[in-house]
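Right, one structure below, let's go through it.
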Amino acid sequence: MGIQENHELQHLLDLRALEDALYREARLLDEERFTDWLDQTAEDIIYRMALTSRRFRKDRAPPLVLGSGYIFNDTRDRLALRIKRLQSGYVWAEDPPNFVRRVVSNVEIVPTSVAAEMQVYSVISIHRSRIDSQARSLIAGREDCWRKVEHRWLLARREIRLDHSTVPDTNLNVFF
Amino acid sequence: MPLEKEAYFGEIDRSKHGLVPVAQVQSYKGLIFGNFDPDAPSLVDYLGDVKWYLDVWLDAMPGGTSLVGETQKIDFPTNWKFPVENVCGDGYHLGWAHHAAMQAVQTMDLAGLRAGNADASGLDMGMSVAGLNGHMVLAALDGQSGYAFYPNPKPFVDYLEANRSKVVERLGAVRAQKLWGSQLNITIFPNLQLLPGLNWFRVYHPKGPGKVEQWTWAMTENDMPNDIKGMILDNQCLTFGPAGLFDNDDGDNLAACTEQSRGWRTAQMDLYTHMALGHSARREGFPGDIATGLVSEHNQRYFYRRWQELTGAASWKDVPSYNLNRLASEG
Ligand SMILES: [Fe+2]
């Protein structure tokens, strides 16, 4: 097998491994295995969901001086803080646990100039069955950077674009 | 107007079909209010003595205040009065509803903030202020507890101490030392609330029975350095944004209260809001009817009383006006 073929095979294996990582993290979160999920993230992860607003196409208002603000603006420590809260046993909104199911799709994996890093686009749909008879559906686009460290792909950066200008649920006790 | 002649046959009287003018538009120190009722009281009269407390946020520093960041919008299936009463006198639910969040983020150990269902220490560290035409204030009195839920309160405490003498000059010693920097919950009846300290500003838009759209912004004093303003926006989102560690406890409580009150049997019963009934008085140096502590239903009673006064009145003439225990200087 030539070097060229070797590279192509490795690329295909990376794509498979990254897709698996996306599905695996969805399942870990559905199962509330938050610590295992955190283990699949890089030490220097940046996990963000910016506040946005719907504006007219013609609106040329300058950007806000301090920026938009973020619904999530999390380092690894802050993700750990959220997990600590969720696992404390005192988050009444999650007891009894809600049925939560994530569907990940539209996966697109793009090599970057850094050999060990891939840019990954995906769409996530989160279905939450909450308090008797209430169901909520959240949709978001994601743009990630995944980094290969010692044969494992770790989430290093995630920019989440929530497709709801008004959040349609009473809380966002979920990771996207 | 497109096709005015052809489609309307020139018969429409445009002067009768314009936008309805807002009868009164008035502002108070940067807050702009509109009212469709020409007979409503003026804004200054409507606010009454709650202005004395509002100024602790709006007018402590010469530069005034700003709302920062995008609007944070969230839909709650709740009656609009529940989030208002939850915040207007919110000391009782803190230790229980937000136990997990407080454990996760609280960085200043202040007795007044410890009071919860099980811990009675510090119960008397603040006050509940009402008797102001339906407006209400909940106030700690230590001059710094507003920043107890920031990862690093030091820059805020430094800012407060560097500027406190200036605030004494502007607002006097009582407000500058007891209120500025303290955790404050201010409610402007019926649906506007602001929390200096945690620094959020919120309007509840009722959208029909059992539906509210909650709009929140972070707020800053314009004299604050930019890095402090940035920390406020970040921490406000972390604690009371759509994925806020505190706000994510409240939403489900409010929805559940609404849902459980809908049943026929429950609707036959009165709401019990008697906590600390008969335990309020004048307090030297502060306007309003004041109950001791952050834990009481004193403010909720005045909130529902105002609601009853307004829904029971045929016109503004029938609506009583009261600003209890006015300060002599406010006359
Ligand atoms: Fe709360």
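The values are calculated or read from the model by the stated rules, or taken from the named source; none is laboratory data. Please read these numbers as outputs of a predicted model, since none were measured by experiment. Cβ placement follows ideal geometry from the backbone for every residue including glycine, while neighbour counts extend to all protein chains displayed. Only protein heavy atoms, including side chains, enter the accessible area calculation; ligands, DNA and RNA are left aside. Shrake-Rupley method; radii C 1.70, N 1.55, O 1.52, S 1.80 Å.
Tabulated values for the structure
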| item | result |
| --- | --- |
| Lys/Arg +1, Asp/Glu -1 at C-beta; the protein assembly as shown dipole; positive extreme among A:93, B:198, A:12 | B:198 |
| Cα-based helix-to-principal-axis angle, B:298-311 vs chain B, degrees rounded to 10 | 10 degrees |
| Three-way shape call for chain A based on the alpha-carbon gyration tensor, with the a/c threshold at 1.5 | oblate |
| Residue among B:163, B:139, B:325 farthest towards the positive dipole end of the protein assembly as shown, charges placed on Cβ | B:325 |
| Extreme residue, positive dipole direction of region A:3-162, given options A:75, A:3, A:21 (C-beta unit charges) | A:75 |
| Amide H contacts under 5 Å for residue B:319, placed H, 5+ residues apart | none |
| Neighbouring partner chain Cβ atoms per residue of A:60-67, average, 10 Å criterion | 3 |
| Overall Cα dimensions of region A:1-105 - principal axes, largest extent first, Å | 55, 47, 26 |
| Solvent-accessible area, 1.4 Å probe, carbon plus sulfur percent, for region A:1-66 | 53 percent |
| Rounded to 5, the percent of DSSP beta bridges in the protein assembly as shown classed as antiparallel | 95 percent |
| Accessible area buried, both sides summed, chains A and B with 1.4 Å probe, Å² | 3000 Å² |
| For B:249-260, mean number of other protein chain Cβ atoms within 10 Å | 4 |
| Distance from region A:123-176 to region B:146-161 (C-alpha centre basis), Å | 32 Å |
| Occluded residues from region A:12-59, i.e. those whose accessible area drops by 40 Å² or more once the chain is not alone (1.4 Å probe) | A:51 |
| Estimated vicinal HN-Hα couplings, Hz - region B:138-144 in sequence order (Karplus 6.51, -1.76, 1.60; Gly, Pro = x) | 10, 9, 7, 10, 9, x, 8 |
| Chain A - charge dipole about Cα centre, Lys and Arg +1 at Cβ, Asp and Glu -1, debye rounded to 20 | 860 debye |
| Where B:5, A:148 fall by accessible area, highest first, once all protein chains stay in place (1.4 Å) | B:5, A:148 |
| Heavy-atom accessible area, 1.4 Å probe, ligands and nucleic acids excluded: residues of region B:56-76 down by at least 30 Å² from chain alone | B:69, B:70, B:73, B:74, B:75 |
| Pair residue A:31, residue A:135: separation of 7 Å Cα→Cβ label points (nm) | 2.4 nm |
| Shielding of B:91-103 by partner chains, average beta-carbon count, 10 Å | 3 |
| Efficiency of FRET from Cβ geometry, residue A:152 and residue B:310, R₀ 56 Å, rounded to 0.05 | 0.35 |
| Exposure ranking of A:81, A:29 by accessible area [1.4 Å probe, largest first] | A:81, A:29 |
| Exposure of residue A:39 as accessible area (Å², to 10), given a probe of 1.4 Å and all protein chains | 80 Å² |
| Binned Cα-Cα distance frequencies in region B:48-330 - 5 Å width, integer % | 1, 6, 12, 17, 19, 18, 14, 8, 3, 1, 0, 0 |
| In sequence order, calculated HN-Hα J values of region B:81-86 (Karplus, 6.51, -1.76, 1.60; Hz; x Gly/Pro) | 6, 5, x, 5, 6, 5 |
| Accessible area of region A:43-176 divided out per residue, in Å², using a probe of 1.4 angstrom | 55 Å² |
| Mean accessible surface per residue for chain B, computed with a 1.4 Å probe while every protein chain stays in place, in Å² | 45 Å² |
| Förster radius 51 Å - calculated FRET efficiency between residue B:20 and residue B:271, Cβ distance, rounded to 0.05 | 0.90 |
| 222 nm mean residue ellipticity, helices alone, for chain B (DSSP H n ≥ 4; -39,500 (n - 2.57); rounded to 500) | -9500 deg cm²/dmol |
| Backbone HN-Hα couplings from phi across region B:33-44 [Karplus 6.51/-1.76/1.60, Hz, Gly and Pro as x] | 10, x, 9, 7, 9, x, 8, 5, x, 5, 4, 4 |
| Between helix A:76-86 and chain A: long-axis angle, C-alpha atoms, 0 to 90°, nearest 10 | 40 degrees |
| Packing rank of B:283-292, B:6-15, B:73-82, where each peptide gets the mean count of other beta carbons within 10 Å, highest leading | B:73-82, B:283-292, B:6-15 |
| Cα long-axis angle, helix B:226-240 against chain B (0 to 90 degrees, to the nearest 10) | 80 degrees |
| Estimated inter-spin distance, residue A:123 and residue A:77, nm [label 7 Å along Cα→Cβ] | 3.8 nm |
| Region B:133-226, accessible surface, carbon-and-sulfur percent (1.4 angstrom probe) | 55 percent |
| Exposure rank, largest accessible area first [B:231, A:49; 1.4 Å] | B:231, A:49 |
| Global geometry of the protein assembly as shown, whether rounded, prolate or oblate, following the gyration tensor of its Cα atoms and the 1.5 cut on a/c | prolate |
